[in-house]
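Quick notes on the structure that follows.
The values are calculated or read from the model by the stated rules, or taken from the named source; none is laboratory data. Just so we're clear, the structure is a prediction, and the values are computed from it rather than from any experiment. Here Cβ is always computed from backbone atoms with ideal geometry, including for glycine, and neighbour counts include all displayed protein chains. Side chains included, ligands, DNA and RNA excluded: accessible areas come from the protein's heavy atoms. Shrake-Rupley method; radii C 1.70, N 1.55, O 1.52, S 1.80 Å.
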Amino acid sequence: MTRPDLSTEEGRAAYRKELRGVGRPLRLGGLGLVIAAALLILASRKEMFGIGEWGITVSYGMLAAGWALVIAAVFMRTRHHRRRLVEGL
């Protein structure tokens, strides 16, 4: 791959689109886990669906895993950006 063309508006838009795609499955999976953990906390607080105190413990693990995935996706995107800007020098 060559260095991205950031001198034109079309080049910048294409590069932004490329960066949004890097780590997308990890980012969406992490956010899904965080949302599911929040819903599980609400359900366990109201004791819905037979979920007791164990639901809160499980949800803390889901929150940790979800945020770890989001942080990993941000790290991947930053590393990709750094490599792309160095190319061509």
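Observations on the model:
- The listed residues Leu39, Leu63 rank as Leu39, Leu63 when sorted by accessible area, largest first, using a 1.4 Å probe.
- Overall dimensions of the chain, expressed as equivalent-ellipsoid semi-axes from the Cα gyration tensor (√(5λ), whole Å, largest first), are 40, 12, 6.
- Note on the chain: dipole from Cβ charges, positive end direction compared against Thr57, Leu6, Leu19; the farthest Cα belongs to Leu6.
- Filtered GluC sites (Glu not before Pro), the range 1-66: DSSP coil and at most 13 other beta carbons within 10 Å: Glu47, Glu53
- Candidates Ala13, Ala73, Ala37, ranked by Gaussian network fluctuation over the chain, Cα under 10 Å, top entry: Ala13
- Charges were assigned to the Cβ only: +1 to each Lys and Arg, -1 to each Asp and Glu. The resulting dipole of the chain about its Cα centre is roughly 280 debye.
- Checking every one of the trypsin sites (Lys or Arg not before Pro) in the chain against DSSP loop status and a limit of 13 other Cβ atoms within 10 Å picks out Lys46.
- A 1.4 Å probe over all protein chains sorts Tyr60, Tyr15 by accessible area into Tyr60, Tyr15, starting with the largest.
- Taken per residue, the accessible surface of the chain reaches 70 Å², heavy atoms only and a 1.4 Å probe.
- Fraction of accessible area attributable to carbon and sulfur, the chain (%, probe 1.4 Å): 67 percent
- Taking all protein chains as they are arranged and a probe of 1.4 Å, the heavy atoms of Val70 leave approximately 20 Å² accessible to solvent.
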